[in-house]
1. Can you tell me the 0 to 90 degree angle between the C-alpha axis of helix 361-373 and the longest principal axis of the chain, rounded to 10?
2. Filter the trypsin sites (Lys or Arg not before Pro) in segment 38-124 down to the DSSP loop ones having no more than 16 other Cβ atoms within 10 Å, then list what survives.
3. Take the alpha carbon gyration tensor of segment 399-516, find the square roots of its eigenvalues, order them as a ≥ b ≥ c, and report rounded if a/c is under 1.5; if not, report prolate when a/b exceeds b/c, else oblate.
4. In terms of solvent-accessible area of protein heavy atoms at a 1.4 angstrom probe, what is the ranking of Asp226, Asp118, Asp165, highest value first?
5. Run through segment 335-429 and list the GluC sites (Glu not before Pro) located in a DSSP loop whose Cβ has at most 11 other Cβ atoms within 10 Å.
6. List the trypsin sites (Lys or Arg not before Pro) within segment 350-445 that DSSP assigns to loop and that have no more than 13 neighbouring Cβ atoms inside 10 Å.
7. Got a sec to turn the phi values of segment 345-355 into Karplus ³J(HN,Hα) couplings, 6.51 cos²θ - 1.76 cosθ + 1.60 with θ = phi - 60°, whole Hz, x for Gly and Pro?
8. Please give the net charge around Arg504, taking every other residue with its beta carbon less than 12 angstrom from that of Arg504, where Lys and Arg add +1 and Asp and Glu add -1.
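The values are calculated or read from the model by the stated rules, or taken from the named source; none is laboratory data. Given the structure is predicted, the values throughout are model-derived calculations rather than measurements. Because the Cβ atoms are built from the backbone with ideal geometry, glycine has one as well, and the counts that use them run over all protein chains shown. Side chains are part of the model used for accessible areas, which takes the heavy atoms of the whole protein and leaves out ligands, DNA and RNA. Shrake-Rupley method; radii C 1.70, N 1.55, O 1.52, S 1.80 Å.
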Amino acid sequence: MPTMTLSLLFVFLSLLSISVSQTPPRGTLINCGATEPSTIGGRQWVTDEGFISIGTSKNLTIPVLVPILSSVRSFPFQNNVNNKFCYEVPVFRGAKYLIRSTYFYGGINGDSVPPVFDQIVDGTLWSVVNTSKDYANGMSSYYEGVFLAQGKTMSYCIGVNSYTDSDPFISALEFVILGNSLYNSTNFMLSGLSLVARHSFGYNGSILRYPDDPFDRFWEPFGAEDSALSKNKNVSIFGIWNRPPSKIFETMLTTTQSGPMDLKWPSKPLLQSMYYIALYFADDRSSSDGSTRSLNVSVNGVIYYKNLVLSEAGTAVFSTQWPLGGLTTISLAPNPGSGFPPLINAGEVFQVMTIGARTLVRDVIALERIKSSIENHPQDWTGDPCMPRQYSWTGITCANGSRIRVVALNLTSMGLSGSLSPSIGRMSALTDLWLGNNNFSGPIPDLSSLKLLETLHLEDNIFSGEIPSSLGDIPKLRELFLQNNNLTGQIPDSLTRKSGLDLRTSGNNLSSPPPA
């Protein structure tokens, strides 16, 4: 039977006592589609104005119990397959964020079944959003993940996929800063965590969250026939790195039998993947008599932690990489001589996601400046320009490989106007730049830094001024289409003498060259 290496497992015993902070967790809470900010549950919610510039605010016509479910932002799905619509949220670079997206359909599209679509974080495809089952039962849906802020903003995007059959939507979006110790055994430069299940075992009340949880994580109830109240009031959460709320230790799953206890959890089958598992225990009896409660923990028959000694202060055992697939069984077996039945208080399971590559920062900055100088730019020009691959920006072609660069920009016949930002000269991987049949105006900027550029199509616009002689310094340029603009002056010698260049300049106000 295979076993996991010890380096994947960690156990921490809490040592000190600390009360749950009543200070609301830091972050940004966005009530999507709302027209006014609000205070809900002691926390400040803002509207989504300023975070996103596309979509329509809609109010639900059916009653809801939670205020943030009363409105949504809706996005057009027609003619937008593989287009994404993104919120851009200011963050603190280097901080870990819990991102939670909430959805309640409410029949806003007139159909009985909610649409299915994708959600994306910073260019990484997070998950498919399918709320049909919850909505059929009259419930909202939420998705939660942990991601690292690698810049000053993070993008959260709704993506229209091939299964989307009506306008995708979102009810609420939360970015909450997590403490440094939380889930810190994960390398968030390479991985993200997508929540599968988080339960308080033996508990049958409403979801535990802030103020019980200082980071407003949701701990759902998971009662069973073997539920019991814990007698332990001495739990400390300070020494447990993931800082669970102390309330999860007030209930437990246990057994009156002397043998092992099997827990079918999570209750749904899992995709074959790697998972982060955290299990929480606290002995509910005093060990002042010198006796101990110890047990062996197995996951699907594989030893997960051996000789785990429970304490009144609380214990957490977690694995950063554990392979799972299908239904999962957590087995708790008392050690010989322990004399006490096993128990468990809570658990968390996350799927470990590989963080995708991101477009090179210099290309992103250049494209943002180009975007700001263009009127009526494509509406999907939000989020990462190249990633995920199926959601790259309209008109953009990106290079394959680990270093993601923009290699072509084709905005031909898109009804665009404005000027061409000089920042385009920073996109040094460009091989093709096609902007023909638009209404671009102003001068042609210096593009001599684009050493790989092969084709430059600026025809049928209203560019003015002289043709830059620096265009002749582009070594690989073989097509230069400038016809039908308002260009003046003479054609530079650097272009007329350039061998192998297909140069087209008719339809301008160019003067004849002087006699030789």
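1. So the helix axis and the longest Cα principal axis differ by about 60 degrees.
2. Details: sites: Arg43, Lys58, Arg73, Lys84, Arg93, Lys96, Arg100; in loops: Arg93.
When the trypsin sites (Lys or Arg not before Pro) of segment 38-124 are filtered for loop state and at most 16 Cβ neighbours within 10 Å, Arg93 remain.
3. On the way: a/c = 2.10, a/b = 1.35, b/c = 1.56.
It is oblate, given that a/c is not under 1.5 and a/b is not larger than b/c.
4. On the way: Asp226 75, Asp118 10, Asp165 95 Å².
Of Asp226, Asp118, Asp165, the descending order of accessible area is Asp165, Asp226, Asp118.
5. Values: sites: Glu348, Glu368, Glu375; in loops: none.
Counting only loop positions with at most 11 other Cβ atoms within 10 Å, none of the GluC sites (Glu not before Pro) in segment 335-429 qualifies.
6. Numbers: sites: Arg358, Arg362, Arg369, Lys371, Arg389, Arg403, Arg405, Arg426; in loops: Arg358, Arg403, Arg405.
Listed in order of number, the matching sites are Arg403.
7. Karplus values, whole Hz, x for Gly and Pro: 9, 6, x, 10, 9, 10, 7, 8, 9, 7, 6.
8. Within the 12 Å Cβ shell, the charges total -4.
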